[in-house]
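Beneath this line is the structure, given in structure tokens, with notes to follow.
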């Protein structure tokens, strides 16, 4: 019995993507060209990266159902996605892409069986463990997005914004304090 299955993974991903979209919506388009340092992605490029890179996992596990990554052409697949990040388009286009790709990915993940998620994929030589489960690799999509969302939240701070998750936490703490004071 698997206690955390495809539906749980899909719902967790939906929550992460919802929070990413909130950031994308709250940051003004005039700040989409902002980058923390010269060698980092802009806000727009980071959001586009988040929207596009999961296509790699969709391809490996869904379209091609690869079971051995030795010989897989990572650069051939990722190269066009990285090029796409360089010309991101408008804020509305990026938000739409985050929403559409996120919905498609979550809906697909939700359909996966426990047996499929348990399948082992052989990793390329020299990349850590010999194999990983499809579950672990798909969980990596969410972890990757959370990593970049942390970067976006720092950039929000650099722009003088308080991230929505911080504001929500502060409101909960204030409500708890008010409840404690009135009792």
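All of the numbers you see were taken from the coordinates with simple rules; none came from a lab. Owing to the predicted nature of the structure, the values given are computational and were not obtained by experimental measurement. When we count neighbours, we look across all protein chains shown, and the Cβ atoms used for this are built from the backbone with ideal geometry, even at glycine.
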Next item on the list: On a C-alpha basis, how far is the centre of region 142-183 from the centre of region 32-108 in Å? Whole number, if you could?
Entry: 26 Å
Notebook entry, point to check: To the nearest 10 degrees, how steeply does helix 43-52 sit against the main Cα axis of the chain, on a 0 to 90 scale?
Noted result: 40 degrees
Notebook entry, point to check: If you build a Gaussian network model of the chain, linking Cα atoms that sit under 10 Å apart, which residue out of 82, 127, 161 swings the most?
Noted result: 127
Note to self: Semi-axes of the equivalent ellipsoid for region 14-64, please: Cα gyration tensor eigenvalues, times 5, square-rooted, ordered largest first, whole Å.
What the structure shows: 25, 15, 7
Next item on the list: Provide Rg and Dmax in Å for the chain, with only Cα atoms included in the calculation.
Entry: 18.8, 65
Check: Which of 39, 145, 85 moves the most in a Gaussian network model of the chain with Cα springs under 10 Å?
Finding: 39
Next item on the list: Over the chain, calculate the relative contact order: mean separation of alpha carbon pairs under 8 Å at least 6 apart, over the residue count, as a percent.
Entry: 32 percent
Next item on the list: Any chance you could give the angle, 0 to 90 degrees and rounded to 10, that helix 134-158 forms with the longest Cα principal axis of the chain?
Entry: 30 degrees
Checklist line | Rounded tilt (10° steps) of 74-85 against the dominant C-alpha axis of the chain | finding: 30 degrees
Next item on the list: Using label points projected 7 Å from each Cα along Cα→Cβ, tell me how many nm separate residue 29 and residue 59, to one decimal.
Entry: 3.0 nm
Check: Per the Cauchy relation, a quarter of the hull surface: what is the mean projected area of the convex hull of the alpha carbons in region 98-179, in nm²?
Finding: 9.3 nm²
Notebook entry, point to check: How long is region 1-103 along each principal axis, judged by its Cα atoms, biggest number first, in Å?
Noted result: 47, 33, 22
Item checked: Added length on full extension, which subtracts the Cα-Cα distance from 0.36 nm per residue, residue 78 to residue 4 -> 23.7 nm
Item checked: Relative contact order (percent, whole number), region 38-139, Cα cutoff 8 Å, 6+ residue spacing -> 34 percent
Next item on the list: Would you compute, from DSSP H runs of 4+ residues alone, the mean residue ellipticity of the chain at 222 nm, taking -39500 (n - 2.57) per run and dividing by the full residue count, rounded to the nearest 500?
Entry: -21000 deg cm²/dmol
